[in-house]
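The values are calculated or read from the model by the stated rules, or taken from the named source; none is laboratory data. Computed from a predicted model, the values in this text were never measured in an experiment. Here the Cβ positions follow ideal geometry from the backbone for every residue, glycine too, while neighbour counts run over all protein chains shown.
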Amino acid sequence: MMKFMLLFSRQGKVRLQKWFNAIGDKERKKIIRELVSMVLSRRPKMCNFLDWKDYKVVYKRYASLFFCCAIEESDNELLALECIHRFVEILDKYFGSVCELDIIFNFEKAYFILDEFLLAGEIQESSKNKVLRAVENSDSLQEENQEAEATRSILEEFGLS
Amino acid sequence: MPTVSSRGDAMRGLAVFISDIRNCKSKEAESKRINKELANIRSKFKGDKTLDGYSKKKYVCKLLFIFLLGHDIDFGHMEAVNLLSSNKYTEKQIGYLFISVLVSSNSDLMKLIIQNIKNDISSPKPVHVNLALHCIANIGSVEMSEAFGQEVPKLLVSAHASASVKQSAALCLLRLIRTLPEAMTYAEWASRVIHLLNDQHMWLTAATSLIHTLSQLSPGDYKGCVSLAVSRLSRIVTSTYTDLQDYTYYFVPAPWLSVKLLRLLQCYPVPEEPAVRGRLVECLETILNKCQEPPKSKKVQHSNSKNAVLFEAINLIIHIDSLGLVLIPQPFWRQVDLMLPILLTSEFIIFLCVLSEPNLLVRACNQLGQFLQHRETNLRYLALESMCLLAGSEFSADAVKKHRETVINALKTERDVSVRQRAVDLLYAMCDKTNSEEIVAEMLAYLKKADYAIREEMVLKVAILSEKYASDYTWYVDTILKLIRVAGDYVSEEVWHRVIQIVINRDDAQGYAAKTVFENLQAPACHENMVKVGGYILGEFGNLIAGDERSSPLVQFNLLHSKFHLCTPSTRALLLSTYIKFINLFPEIKPTIQNVLQNNNQLRNADVELQQRALEYSQLSSITSQDVLATVLEEMPPFPERESSILAKLKKKKPASVQVSLVGCFIPSTESTEHANRPTYSTIACSFLLRFKLIHFKNLLIFADTIPTGSKGMRGLEFFLFMFKNSGVLFENALIQVGVKCEFKEQYGRVGLFFGNKTGNQLQNFAAAVSLAQTNPHNPQINVATQKEPPSQIDGGAQVQHFINLECISMFSGSPNLQLRYQHSSAPQQVTLKLPVIINKFMEGVDMNSGDFFSRWKQLGQPTQETQKIFQARHPIDTEAARTKLTGFGMCALTNVDPNPENLVGSGIIKTKTSQIGCLLRLEPNKQAKMYRLTVRSSVGEAAALICSMLE
């Protein structure tokens, strides 16, 4: 079972965090701090796995972003690595050549996609197409209401509503 | 401005806010912008105007963004909950996201949230049901388990729910079960859940995860899944990559499902049904074979997912092996299958297995061997890791050992510390008698440049291996001393305690150890741990090398003392004990050492322990005779054989890696376990001192000429002292200390026991029972009454008292036993002690004059009433000392009674409930022959004999 997944930049800024078990806020911050600095200090070409506390940490860098997840002792490291890759593929297909900024500006979408892909720390749907179809399906529900809202929002931004 | 996705509805206000934050030049500017936004949102939420759904959604989303930046959010929860009841999907979705990320499980809003989820979960729209299920799984609190534990399983087996709802429901249920396993009833829907494995492929991965967890919790109910899992696995591994379409990942068919199924099978023993078993073997062989095929793609994803399945298959092979079964390779099992109706007995299968060659385990090992030199770091890492497991199996251990050189090479050349760590683990696991010298030498060499993070663990491993495989003890001693030289800071107490323990137990190692530590101490800079080991060993065995003038007593002392000032108080305390031992070993340097002990640096040291040791040791050395010193400071008796404390420490650090390979790791020994109750080694420094604390110096002088010498060991000696005193430490080990304080008056006694828990954990089920050995239950010699039962638990570090009242009914010999039982970290412990209740405790001295004494002496003239012993004095004859001893024993020493002033006479009465027994004693020393004649007369003959034997 995956315990948590973190996305952070080369500067150590966390872009997405997903926790699959109950951990207190303070503990989470501590884990993020330690793990981020540890992963960032590693050189390229080193192996993608780390023994860290009670976890096995699996991480991989894609352009400016590090994808990092913690799994249990008995879990399969290589497959966790491919989970990360599949998630990146799905993001890439959805955003069309995804970059860090897409995830910053559409963080809620990244969460929705992750929820379709992983649930309770387990793979929910390993098919890329099925995950994308599910996300697009819910997007289509949004578009029905979009037009009216879009006009209103512009007016509101300028304080005219 | 970045491209905001064209899909879905973009919240412009949110995008503008995020851009603003990104444009902030400093941390301060960012905080300012955030505070401004928070104030704005707060006023919107508090404002009179009711916000529409869109605005609420946007502001909630901004709050979420601020939270994810690392700021605390203390409002907006209510608005988020409001969004849940919106009929617009997008608003609902944001509401759920906020709640999943930000609402803690004990929130006041939980009831409201649960109500909203209940509405959505029964909604006809699958997307709403899915949102609700995701939220339950993301929060996964106890309340969620209670509220939806019955609801979610229904969706899972419902005929109407869509596949996407079912897969969410499966994982949602999985989360609820993890949170509250006891709230679920498993058996009820077991068979329906198992048959999900027959279902269409699309959502099987999720279902298998659920079945895996259920099988771990309740294996019996889900046993039926094994054959279904095997056939599903078989279908996947034999399929081509085009069969499974969406579920083929870089030419590997359904890697996620395959791995899940392989893990599920690891919950169960090998299937008994021959057909199922055969199919499983076939699957495993196919997986192994596929790795030899040329890759279908050069992409790393292809090889990763293929190898992920392979490693999981190897785990299953190891699991099956650990059950004691070897799988028969394909050419054989077909034959077996045909003959099975008649020949399916375990003997037959095992017989075939011995013939079978190469079996799956060895094939797996060879496959991993290839990976050891793979160019992918990840594969080298994993191969080392899996080989560690294979090294533990008798069938593959030899195959693993063939890779020794490669692994040693990995230790030297790998750039990545994680990989080197794995190499260390594997070397440790594959070490045996034949390769131990090489492996230990390589590990020691690597230790010099090893990463700080793994040094301590490596030190423990080297220490264990060198002990476990020591063929001769010079090698062992050399290795540990080298360990201290190379990585002194990482040598924990357990390690240096252990080397001393072993040296003390092994006569053949002592001389060499003394010589070697002496040489090591001569290095200009040596580690404090070396001083500790050196101090201790020279204190015990320095005499073995004192013949050589280069290591004469004075040289040894000066060498040690030159380090003294550089050491911490605990080491100095140890050295002080060494010095007093030196006084005994080398009387010729006594004045030099006494000077050191009496130096104000010691006597007035701020450290209480040092002060006390210096004071007591200098007194001990100046007051006592050489014989007393020789007894008190005699060589430490051998330690009981027990599991190495180093091993225990490593187990604590890395439970998994130790279990694999440490069967039978005890040092060879000639010692029996008769001293099993003695203090453990870790308390040695303090128990060493304790010996002196226990002994009042006065008493020491008195009993010294009758002290049992030689092999009786500390416990016999300590108990002996209780004949003369009424309080002290009765027993001590690593877990518990038992102190005692007794009072006696006529036939009554009161024994106070003090049980101290030395550990940090609670001792449980504590019980203390007193029993009198060899007594007739209908006619007890002592009545025992306790005021109240001792408490059943003792908290860590706490001391409890327990009082026992006694009444002596009639004469008895020996002492009552005290039986202690307790549990420490759930391991039951039992200790039997002797209570210091001895017949002489009930004796009172009687003063009388010469006439009275001799008239009574003559009255008791019958042969049965007298016992006489003549024995050798072990120490110089000292009448004064003997007189004091007699008083301590309970008799009145009479003066001016015997015409010969050298003779000692005493009298006393043993008071019991049924009778009073008068006792008279006469001790006649013969200084020339160094002999004593002891005569005891008593109205009861047994008493005379008993007292005589006690005093001898």
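With the condition kept exactly as written, say whether any residue in the stretch B:117-126 is at negative phi and within 11 Å of another protein chain (Cβ to nearest Cβ). Quick ask: steps written out before the conclusion?
First pass over the stretch B:117-126, keeping only residues at negative phi: B:117-126.
Those left that are additionally within 11 Å of another protein chain (Cβ to nearest Cβ): B:125-126.
Checked the stretch B:117-126: at least one residue is at negative phi and within 11 Å of another protein chain (Cβ to nearest Cβ).
Hey, could you check the stretch B:496-520 for residues that are among the β-branched types (Val, Ile, Thr) and more than 10 Å from B:GLY534 (Cα to Cα) and say which is surrounded by the most Cβ atoms within 10 Å (Cβ to Cβ)? Lay out the reasoning, then the answer.
First, the residues of the stretch B:496-520 that are among the β-branched types (Val, Ile, Thr): B:499-500, B:502-504, B:516-517.
Keeping just the survivors that are more than 10 Å from B:GLY534 (Cα to Cα) gives B:499, B:502-504.
On the way: B:VAL499: 28, B:ILE502: 21, B:VAL503: 25, B:ILE504: 22.
The extreme case among them is B:VAL499.
Hey, any hits in the stretch B:841-855 for a residue that's in contact with a Leu (Cβ under 8 Å, 6 or more places away or on another chain) and in a strand (DSSP E or B)?
No.
Would you say B:ASN529 is among the polar types (S, T, N, Q), over 20 Å from B:GLY511 (Cβ atoms) and not in a helix (DSSP H, G or I)? Please lay out each step first, then the result.
Working: among the polar types (S, T, N, Q): yes; over 20 Å from B:GLY511 (Cβ atoms): yes; not in a helix (DSSP H, G or I): no.
So B:ASN529 fails the test.
Look through the stretch B:836-876, keep the residues that are of a type in the set (Ser, Thr, Tyr) and surrounded by fewer than 18 Cβ atoms within 10 Å (Cβ to Cβ), and return whichever of them is farthest from the chain's Cα centre (by Cα). Write out each step before concluding.
First, pick out the residues of the stretch B:836-876 that are of a type in the set (Ser, Thr, Tyr): B:850, B:855, B:864, B:867.
Filter again for surrounded by fewer than 18 Cβ atoms within 10 Å (Cβ to Cβ), leaving B:850, B:855, B:864.
Details: B:SER850: 66, B:SER855: 67, B:THR864: 59 Å.
Filtering the stretch B:836-876 for residues that are of a type in the set (Ser, Thr, Tyr) and surrounded by fewer than 18 Cβ atoms within 10 Å (Cβ to Cβ), the one farthest from the chain's Cα centre (by Cα) comes out as B:SER855.
With surrounded by 17 or more Cβ atoms within 10 Å (Cβ to Cβ), out of contact with any Lys or Arg (no Cβ under 7 Å at 6 or more places or on another chain), within 19 Å of B:VAL632 (Cα to Cα) and of a type in the set (S, T, N, Q) as the only criterion, which of B:THR578, B:THR592 stands out?
Unique residue meeting the criteria: B:THR578.
Looking at the stretch A:36-85 only, could you name the residues that are among the acidic types (Asp, Glu) and touching a residue at least 60 places away in the same chain (Cβ under 8 Å)? Let's see the steps before the verdict.
Taking the stretch A:36-85 first, the residues among the acidic types (Asp, Glu) are A:51, A:54, A:72-73, A:75, A:77, A:82.
The answer is A:GLU72, A:ASP75.
If B:PHE871 meets every condition in (1) among the aromatic types (Phe, Trp, Tyr); (2) assigned by the TED database to the domain that holds B:GLY739; (3) assigned to a strand (DSSP E or B) apart from one, which number is that one?
The one condition B:PHE871 does not meet is (2).
Of the conditions (1) surrounded by fewer than 18 Cβ atoms within 10 Å (Cβ to Cβ); (2) within 12 Å of another protein chain (Cβ to nearest Cβ), A:LYS30 satisfies every one except a single condition; which number is it?
Result: A:LYS30 passes all but (2).
Checking the conditions here, which among B:LEU228, B:LEU196 is at pLDDT below 90, away from chain A (no Cβ under 14 Å) and in contact with a helix residue (DSSP H, G or I) (Cβ under 9 Å, 6 or more places away or on another chain)?
From the options B:LEU228, B:LEU196, the qualifying one is B:LEU196.
Can you name every residue in the stretch B:61-79 that is under 15 Å from B:LYS111 (Cα atoms) and under 48 Å from the mean Cα position of the chain (by Cα)?
Of everything in the stretch B:61-79, just one residue is under 15 Å from B:LYS111 (Cα atoms) and under 48 Å from the mean Cα position of the chain (by Cα), namely B:HIS77.
Any chance you could count how many residues in the stretch B:595-620 are in contact with a Pro (Cβ under 7 Å, 6 or more places away or on another chain) and crowded, with 22+ Cβ neighbours inside 10 Å?
0
Yes/no per residue for (1) β-branched (Val, Ile, Thr); (2) over 13 Å from B:ALA429 (Cβ atoms); (3) in the same structural domain as B:VAL424 (by the TED database):
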{"position": "B:GLN370", "(1), (2), (3)": "no, yes, yes"}
{"position": "B:GLN373", "(1), (2), (3)": "no, yes, yes"}
{"position": "B:LEU379", "(1), (2), (3)": "no, yes, yes"}
{"position": "B:LEU384", "(1), (2), (3)": "no, no, yes"}
{"position": "B:CYS388", "(1), (2), (3)": "no, no, yes"}
{"position": "B:SER393", "(1), (2), (3)": "no, no, yes"}
{"position": "B:SER396", "(1), (2), (3)": "no, no, yes"}
{"position": "B:HIS403", "(1), (2), (3)": "no, no, yes"}
{"position": "B:VAL407", "(1), (2), (3)": "yes, no, yes"}
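Output the residue which, of all residues in the stretch B:468-481 that are assigned to a helix (DSSP H, G or I) and within 26 Å of the chain's Cα centre (by Cα), is nearest to B:SER645 (Cα to Cα).
B:LYS468
Give me a count of the residues in the stretch B:378-426 that are crowded, with 18+ Cβ neighbours inside 10 Å and free of Cβ contacts under 8 Å to residues at least 12 places away in the same chain.
Residues that pass the stated criteria total 0.
Quick one: what pairs do we get from the stretch B:939-952, first residue farther than 16 Å from B:VAL905 by Cα, second crowded, with 17+ Cβ neighbours inside 10 Å and among the β-branched types (Val, Ile, Thr), C-beta under 6 Å, 6+ apart or different chains?
Sorted first by the residue in the stretch B:939-952, then by its partner, the pairs are B:SER939/B:ILE917; B:VAL940/B:ILE917; B:ALA943/B:ILE917; B:ALA945/B:THR867.
List every residue pair whose Cβ atoms lie under 7 Å apart, where the two residues are 6 or more positions apart in sequence or sit on different chains, the first residue falls within the stretch A:117-141 and is under 17 Å from B:LEU131 (Cα atoms) and within 7 Å of another protein chain (Cβ to nearest Cβ), and the second residue, located anywhere, is buried (at least 21 other Cβ atoms within 10 Å of the Cβ) and of a type in the set (D, E, K, R).
A:ALA120/B:ARG175; A:GLN124/A:GLU116; A:GLU125/A:GLU116; A:ALA134/A:GLU116
For the stretch B:112-158, which positions are more than 20 Å from A:GLN124 (Cα to Cα) and free of Cβ contacts under 8 Å to residues at least 24 places away in the same chain?
If the condition is that a residue be more than 20 Å from A:GLN124 (Cα to Cα) and free of Cβ contacts under 8 Å to residues at least 24 places away in the same chain, then B:GLN115, B:SER122, B:SER123, B:PRO124, B:GLN150 are the ones that fit.
Select from the stretch B:28-52 the residues that are away from chain A (no Cβ under 12 Å) and either of a type in the set (Lys, Arg) or in contact with a strand residue (DSSP E or B) (Cβ under 8 Å, 6 or more places away or on another chain) (or both) and write down the one among them that is surrounded by the most Cβ atoms within 10 Å (Cβ to Cβ).
Of the residues in the stretch B:28-52, the ones away from chain A (no Cβ under 12 Å) are B:28-29, B:31-39, B:41-43, B:45-48, B:50.
Going one step further and asking which of them are either of a type in the set (Lys, Arg) or in contact with a strand residue (DSSP E or B) (Cβ under 8 Å, 6 or more places away or on another chain) (or both), we end up with B:32-33, B:36, B:42, B:46.
On the way: B:LYS32: 12, B:ARG33: 16, B:LYS36: 11, B:ARG42: 14, B:LYS46: 8.
For the stretch B:28-52, the residue satisfying everything is B:ARG33.
Can you confirm whether B:LEU923 is surrounded by 22 or more Cβ atoms within 10 Å (Cβ to Cβ) and touching a residue at least 12 places away in the same chain (Cβ under 8 Å)?
Here the answer is yes, as B:LEU923 does meet what is asked.
Those residues that are among the charged types (D, E, K, R) and not in a loop (DSSP other than H, G, I, E, B), I need them from the stretch B:250-278; list them, please.
Result: B:LYS260, B:ARG263, B:ARG277.
With the structure loaded, tell me whether A:GLU100 is among the acidic types (Asp, Glu) and either within 9 Å of chain B (Cβ to nearest Cβ) or out of contact with any Leu (no Cβ under 7 Å at 6 or more places or on another chain) (or both) or whether it fails that test.
Values: among the acidic types (Asp, Glu): yes; either within 9 Å of chain B (Cβ to nearest Cβ) or out of contact with any Leu (no Cβ under 7 Å at 6 or more places or on another chain) (or both): no.
The answer is no for A:GLU100.
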